[in-house]
Amino acid sequence: MGRTNQKGLFGKSPKDSKTRPTTAMSVNAEDEIESIALVEGENMAAVSTPGDSEPTSADYYFDSYSHFGIHEEMIKDSVRTRTYQNAILQNHFLFKDKIVLDVGAGTGILSLFAAQAGAKHVYAVECSLMADTAEEIVSANGFSDVITVLKGRVEEIDLPIKHVDVIVSEWMGYFLLFENMLNTVLYARDKWLVPSGIVLPDKTSLYLTAIEDADYKAEKIDFWNSVYGFDMSCIRKQAMREPLVDTVDSNQIVTDSHLLKTMDISKMRSGDASFMAPFKLVATKNDFVHALVAYFDVCFSKCHKPTSFSTGPKSRATHWKQTVMYLEDVITICEGEAITGKLSVAPNASNPRDLDVTVHYSFTGKRALARHGAKFSWHFICIDFSRKSCGRKCPKFWYIAMKQFDIDSDCSISCLSVAM
C-alpha cells in the first residue's frame, strides 16, 4: 500500500501530522455490529497539582489548543487555509461593512481575512489561552480597531452587540464531526445571526468508500502473531480494531463512494448531526477489501463562485486526511459486487465532545461471504511518539499524557507528539 510512517491508531507522517487533541477510541461489536466510539482526549485521567480543582474534560480540550503547534499544522494546510482566504477575500460583497463573528478563532487568521475584506467589525471568540496571542497578532497587524478578541466559550460570553451578519468558523474535525464543535457554531447562529445572515462554510458532505490494505496488515497487524518467537496475537486482535487517521493512496480504493450525509449549516438543527445512513459500496475492480474509509467535503456556496475543498483520497492531502475503519473480514470482491450496510453517528451520552460511530455491514459475493461475529469492548488513548518535536517544549496536553502514562518528560525516547 502507499502509506508510510504508520503510528498506530492515528498514524501520522512527520511532515504532515495534524496535532489536534489526543483522541481515545472505544470499540464495541456484537454479532454483525462493529461500533467505534471516537472519544476526545479530555477523557484522560485527570492530572492536577496541589491546590487545583480537578480538570474537566472541557479543560483538556480547550487547553490543548493553547499551544502554537496545533495552529501551525492547521495554518500550513494550504488546502484548508487558502480556501478560506479565497472564500473571504474574493467575496468582499459578503463582508463589506458587515459585523462578523469568528467562532473558535485560534490565532485569528480568519478574523484577519474578514478585516481585510472590509468588515465593519469582527468579534473573534477563542476559549483557549491562544486568545491572548491572537490579540497580540491583531495589534501587530494594525487591526485592533476592527477586530475584538473575546476570551471565553461561545455559550458563556456576552457579545457587545445583539446581532451579527456573518459567522465564520473552521469547526470540522476528523470524520467531520470529531470534537463536536458544530453545535457551538449552531448555538452562535441561533443566538446572534440576523435572519438574512450567512454562515461560512455553509455545506458539508460525508462519504464512505472501501480500500485494499494488505501491506499494512502484514507489516503492522500480523506482526503480532510472532514477536521474536513469542505469541502476541492478543495484541493483534486489538490492533485490528483500531481506527486510523491517515492518508490513503487513491490506488487502494476498491469501490465507488457513497454519500452518507449532507448538512446545511445555515438551516440544520443541532440534533441533525446524529444520524443513521444506509450505504452500498459497489466494487470498481476485482480486489480485496480490508477497511472502510470516511472523508468529507466542505462548500462555501454563498460565494460569487462556489468555493469548496475535499478531504477525499483522490484530492490533494489535508491535515484531516481520511478516517480508516478496519474490518475483521478480508472481503474478496469482484467488479460490480456490493458491500451493503448502515452507519450511525451520535454524540456520546456521557460527554458531548465524544462521538459514537456504529458500522453494520454484510457482503455476499461469488467468491466470499462476510459476517462480522466478533464481540469486544475496549478503550484506547493514542500517543504518537515522533522525533519531529524533539527540542520543543511540550504543551500542556502532552504533559498531561506523559504524566498519565508515566513517560519521562525529558523526551529521552523522543519528544512526545500527540497524534490528534
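Limited to region 83-117, what total is found for residues that are open to solvent by 40 Å² or more (accessible area, probe 1.4 Å) and either within 20 Å of I161 (Cβ to Cβ) or part of a loop (DSSP other than H, G, I, E, B) (or both)?
Of the residues in region 83-117, 4 are open to solvent by 40 Å² or more (accessible area, probe 1.4 Å) and either within 20 Å of I161 (Cβ to Cβ) or part of a loop (DSSP other than H, G, I, E, B) (or both).
If the requirement is being buried (at least 19 other Cβ atoms within 10 Å of the Cβ) and either modelled with pLDDT of 95 or more or on the phi > 0 side of the Ramachandran plot (or both), which of these qualifies: L200, L182? So that I can check it myself, show each step before the final result.
Numbers: L182 fails: either modelled with pLDDT of 95 or more or on the phi > 0 side of the Ramachandran plot (or both).
Criteria check complete, one pass: L200.
With the checklist (1) out of contact with any Leu (no Cβ under 7 Å at 6 or more places or on another chain); (2) open to solvent by less than 50 Å² (accessible area, probe 1.4 Å); (3) more than 30 Å from S196 (Cα to Cα); (4) not hydrophobic (A, V, I, L, M, F, W, C) in hand, flag the one item T255 doesn't pass.
(1) is the only condition that T255 fails.
Residues in region 278-292: is at least one within 19 Å of M172 (Cα to Cα), of a type in the set (G, A, S) and either part of a strand (DSSP E or B) or open to solvent by 10 Å² or more (accessible area, probe 1.4 Å) (or both)? Don't jump to the end; show me each part of the working.
If we filter region 278-292 for residues that are within 19 Å of M172 (Cα to Cα), which is where we start, we get none.
No, that holds for no residue.
Report, by residue number, each residue of region 125-170 that is within 25 Å of D77 (Cβ to Cβ), open to solvent by less than 70 Å² (accessible area, probe 1.4 Å), aliphatic (A, V, I, L, M) and assigned to a loop (DSSP other than H, G, I, E, B).
Residue satisfying the conditions is V154 alone.
Scan region 262-275 and give yes if some residue there is buried (at least 20 other Cβ atoms within 10 Å of the Cβ), part of a strand (DSSP E or B) and not charged (D, E, K, R), otherwise no.
Within region 262-275, not a single residue is buried (at least 20 other Cβ atoms within 10 Å of the Cβ), part of a strand (DSSP E or B) and not charged (D, E, K, R).
On the basis of being assigned to a strand (DSSP E or B), charged (D, E, K, R) and surrounded by fewer than 17 Cβ atoms within 10 Å (Cβ to Cβ), does K314 make the cut?
Spelling it out, it is not the case that K314 is assigned to a strand (DSSP E or B), charged (D, E, K, R) and surrounded by fewer than 17 Cβ atoms within 10 Å (Cβ to Cβ).
When F223 is evaluated against the numbered criteria (1) out of contact with any Phe, Trp or Tyr (no Cβ under 7 Å at 6 or more places or on another chain); (2) within 30 Å of D329 (Cα to Cα); (3) modelled with pLDDT of 95 or more, which criterion, by number, is the only one it fails?
Of (1) out of contact with any Phe, Trp or Tyr (no Cβ under 7 Å at 6 or more places or on another chain); (2) within 30 Å of D329 (Cα to Cα); (3) modelled with pLDDT of 95 or more, only one is false for F223: (3).
Restricting attention to region 178-208, report how many residues are in a strand (DSSP E or B) and of a type in the set (F, W, Y). First the steps, then the outcome.
Quick first cut of region 178-208, residues in a strand (DSSP E or B) only: 193-200, 203-208.
In the following step, the residues that additionally are of a type in the set (F, W, Y) were identified as 207.
Number satisfying all stated conditions: 1.
So which residues in region 331-363 are in contact with a helix residue (DSSP H, G or I) (Cβ under 8 Å, 6 or more places away or on another chain) and either assigned to a strand (DSSP E or B) or open to solvent by 10 Å² or more (accessible area, probe 1.4 Å) (or both)? Show your work before the answer.
Step one: list which residues in region 331-363 are in contact with a helix residue (DSSP H, G or I) (Cβ under 8 Å, 6 or more places away or on another chain), which gives 345, 347, 351-355.
Residues satisfying the conditions are V345, P347, N351, P352, R353, L355.
Being closer than 25 Å to I221 by Cβ, at pLDDT 95 or above and not aliphatic (A, V, I, L, M) is true for just one of E328, E337. Which residue is that? Outline the logic, then answer.
Values: E328 fails: at pLDDT 95 or above.
Only one candidate passes the filter, namely E337.
Would you pick out the residues in region 238-270 that are among the polar types (S, T, N, Q) and either on the phi > 0 side of the Ramachandran plot or in contact with a strand residue (DSSP E or B) (Cβ under 6 Å, 6 or more places away or on another chain) (or both)? Give the steps one after another, and end with the answer.
Restricting attention to region 238-270, the residues satisfying the condition of being among the polar types (S, T, N, Q) are 238, 247, 250-252, 255, 257, 262, 266, 270.
Of everything in region 238-270, those that are among the polar types (S, T, N, Q) and either on the phi > 0 side of the Ramachandran plot or in contact with a strand residue (DSSP E or B) (Cβ under 6 Å, 6 or more places away or on another chain) (or both) turn out to be Q252, T255, S257, T262, S266.
Is at least one residue of region 229-252 more than 22 Å from K342 (Cβ to Cβ), of a type in the set (F, W, Y) and not in a strand (DSSP E or B)?
no
The values are calculated or read from the model by the stated rules, or taken from the named source; none is laboratory data. Just so it is clear, the structure is predicted and the values come from calculations on it, not from any experiment. No Cβ is skipped: glycine too gets one built from the backbone with ideal geometry, and neighbour counts run over all protein chains shown. Accessible surface is based on the protein model in full, side chains and every heavy atom, while ligands, DNA and RNA are left aside. Shrake-Rupley method; radii C 1.70, N 1.55, O 1.52, S 1.80 Å.
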